[in-house]
1. Give me a single rounded figure for A:182-195: the average over its residues of other chain Cβ atoms within 10 Å of their Cβ.
2. Dividing the alpha-carbon Rg of region A:14-451 by 2.2 N^0.38 Å yields what?
3. Excluding residues fewer than 8 places away in the same chain, name every one of the lysines whose C-alpha is closer than 24 Å to that of A:Lys294.
4. May I ask you to sort B:Ile182, A:Ile105, B:Ile151 by Cβ crowding, counting other Cβ atoms within 10 Å and putting the fewest first?
5. Would you work out the charge dipole size for chain A about its Cα centre, treating the Cβ of every Lys and Arg as +1 and the Cβ of every Asp and Glu as -1, and quote it to the nearest 20 debye?
6. Below 8 Å, C-alpha to C-alpha, sequence gap of six or more: please give me the relative contact order for region A:214-297 in percent.
7. Give me A:Glu274, A:Glu178 sorted ascending by neighbouring Cβ count inside 10 Å, so fewest comes first.
8. Apply the Debye scattering formula to chain B, with a single equal point scatterer on each alpha-carbon and no solvent, then give log10 I(q)/I(0) at q = 0.16 Å⁻¹.
Amino acid sequence: MAAWTPDPSFYPSPRMAMKAAPETLAYVAAFDPDRKVPDALAVVDVDPGSKSYSSIIASVAMPNTGDELHHFGWNACSSCLCPNAPHPHSERRYLVVPGLRSSRIHILDTKPDPRKPKIVKVLEPGDIAERAGYTRPHTVHCGPEGIYVAALGNREGKGPGGIFLMDHETFDVRGQWELDRGPQYLAYDAWWHLGHDTLVTSEWGTPDTFENGLIPEVLLGAKYGRRLHFWDLHKRKHLQTIDFGDKYQLVFELRPAHDPTKAYGFVNCVVSLENLSSSIWTWYKDGDRWAVKKVIEIPAEPASEDQLPPLLKGFKAVPPLVTDIDLSMDDKYLYVACWGTGDLQQYDVSDPFSPKLTGKVRIGGIVSGATHPLAKGARLNGGPQMVEISRDGRRVYFTNSLYGAIDAQFYPEGIEGWMVKLDANPGGGIDFDGKFFVKWPKTHRPHQVRLEGGDCSSDSYCYP
Amino acid sequence: MAEEWRSWLALAGLGAFHGLNPAMGWLFAVALGLHRQSRAMVYLSLVPIALGHALSVALVGAAFVLAGLSVNAQVLGLGCGLLLIGWGLYHWGYRHRHRVRFGMQTGLAGIFLWSFLVTTAHGAGPMLWPILMPICFPSGATSGAAEPASIAVAGVMVHSAAMLAVTATIACVVHEWLGVGILRRVWVNLDAVWTVALLAAGTMLLIASL
């Protein structure tokens with residue numbers, strides 16, 4: 001039943017969203033790398049005043065095994081207040097939780113009890129493939145025409161990957177989003193500039209090139225994704241491709257400015273074939289066209305062969321492997337997760353073309369295995385991976401697993417899951433919250449974090 | 001005469017209701033003004049919004065007059081009643097499923113088309129039928145096509161003028177003083193009200209025509 005006034009978690013502008021009350025719950029996708037126990041959506045208590053602070057208070061098991069829960073999103077968010085396509089009386093209530101490996105999509109209702117969501121609908125892979133033409137659902141975004149799901153494979157599990165739409169109230173799969181895909185073939189992430197009628201997509205690879213781990217020949221041959229694609233959001237038409245060149249591989253997470261009047265955003269490139277560095281690029285509107293500029297390069301760190309997994313021994317270095325980034329709501333701070341070295345870095349990106357490093361912590365990492373104040377000095381593995389920022393920008397959460405098959409290539413001893421929280425100083429600077437460390441149950445590994453009421457990668461806005 | 005005045009007031013009142021609805025105009029105008037940092041844009045975009053609304057309502061009004069000239073009053077009432085109920089049911093089930101064609105970069109022509117499509121899908125025109133019926137086709141009197149047509153044209157103009165006046169006033173107040181933060185509290189579910197109104201008007205028309 002539709003509401004009488006807008007959902008209180010919808011905000012017209014990012015400035016207003018920053019004033020939202022602090023979150024008390026975090027939802028975390030967790031999967032079993034052995035595919036024996038069903039994956040789960042965990043609920044973590046993030047209310048510092050609560051007795052169960054920093055612990056998993058509920059875990060909703062999926063009905064099957066082997067889904068590989070990965071990214072997920074809300075059915076509706078602040079974009080429902082947009083003037084051209086308003087749905088102000090929809091509710092932010094359901095989590096749309098895909099299995100990246102199984103291609104199954106679970107709908108979880110958080111309303112009766114946000115501390116204990118319930119699975120209310122399961123869309124089976126065959127039905128999704130038939131109606132959407134896609135498999136391997138990855139990114140989920142709420143937007144002007146409902147729920148947008150970026151998927152990595154086509155119906156047969158090959159290319160092209162792309163986007164499909166789902167109804168944000170009934171969860172019916174409405175079909176392929178693209179009307180004209182132009183030269184786009186590989187898919188990964190998707191997001192948009194609502195103020196500029198532009199959708200952006202990035203690239204990983206087709207399922208056969210990642211489901212058993214990264215294939216060295218494909219990587220060294222620069223055959224993984226290395227392009228950005230720009231689309232007309234409303235005509236659903238491909239407009240422009242930007243190729244980063246054959247040195248750059250794995251162009252991943254798209255973080256457009258939240259302010260809808262700004263026409264720029266940030267994307268991470270995981271690895272340079274030249275020197276194993278990771279890089280951050282700013283895309284921006286240059287006249288009528290889009291352009292990119294490399295604004296951060298994070299170098300690999302020298303290491304001895306015996307400290308490195310087989311894949312890296314020959315390189316005698318540990319790559320930073322920047323696999324996620326996140327932009328604060330005021331578009332001021334960019335957080336950069338270096339899954340290889342164990343760094344979580346904070347940059348002031350007030351000038352998007354000239355970021356300044358303002359903070360850094362280290363935890364885990366292939367070589368460093370850095371510990372945490374609450375881990376009693378124990379060596380921690382995995383590294384900073386999926387990052388999420390509270391709407392007010394004061395708290396930053398992250399987990400340590402990337403993707404089952406790839407975890408094993410870089411952390412062959414097997415990742416032991418954890419989730420941590422940083423306190424961010426509004427003037428710059430980050431540090432661990434010494435009271436928050438969630439040691440994950442051994443059966444699962446944590447991946448994406450979503451915060452109650454919305455976070456910095458869940459909502460988009462039409463008003464500045 | 002009192003009857004007739006009530007009809008004209010109702011036409012203006014419906015216009016005011018459409019003008020009030022953020023989904024039908026003023027909010028888009030305010031958003032475009034904010035986005036382009038231009039006060040002129042707020043007021044300029046109200047013109048195509050009002051014209052798009054008027055065109056949609058006028059076309060539906062013309063269809064009504066043509067139908068009224070070719071069938072008798074009872075058939076006209078029954079047909080309009082059923083259509084209104086159908087429109088109400090469509091709103092109930094599919095209102096949120098519209099394809100989005102125009103965004104924040106759209107020009108004045110795009111805003112005009114957007115307004116025309118939104119007004120049409122809303123069923124704003126058909127809702128005028130029950131009000132136009134007694135003044136365009138008063139019972140017993142049939143005096144050619146000219147009179148109903150000119151009354152319908154006047155009705156559409158009164159309706160659209162009221163819509164423009166209200167939507168312009170709100171656009172101005174929100175843009176200059178209140179700010180869009182107000183949406184969080186005051187954007188009540190006018191779609192639900194409208195759905196009920198469509199169903200109620202259709203049902204009353206059906207009953208009156210039986």
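None of the figures in this text is laboratory data; all of them are computed from the coordinates on show. What you see is a predicted model, and the numbers here were worked out from it, not measured in a lab. FYI the Cβ positions are ideal-geometry reconstructions off the backbone, even for glycines, and counts take in every protein chain you see.
1. For peptide A:182-195, the averaged partner shielding equals 1.
2. For region A:14-451, the normalised Cα radius of gyration is 0.90.
3. Result set, ordered by chain and number: A:Lys223, A:Lys247, A:Lys262, A:Lys285, A:Lys332, A:Lys356, A:Lys360.
4. Final ranking by Cβ density, sparse to dense: B:Ile182, B:Ile151, A:Ile105.
5. 380 debye
6. So the answer I get is 20 percent.
7. Listed from fewest to most nearby Cβ atoms, that is A:Glu274, A:Glu178.
8. Here the Debye-derived log intensity ratios amount to -1.05.
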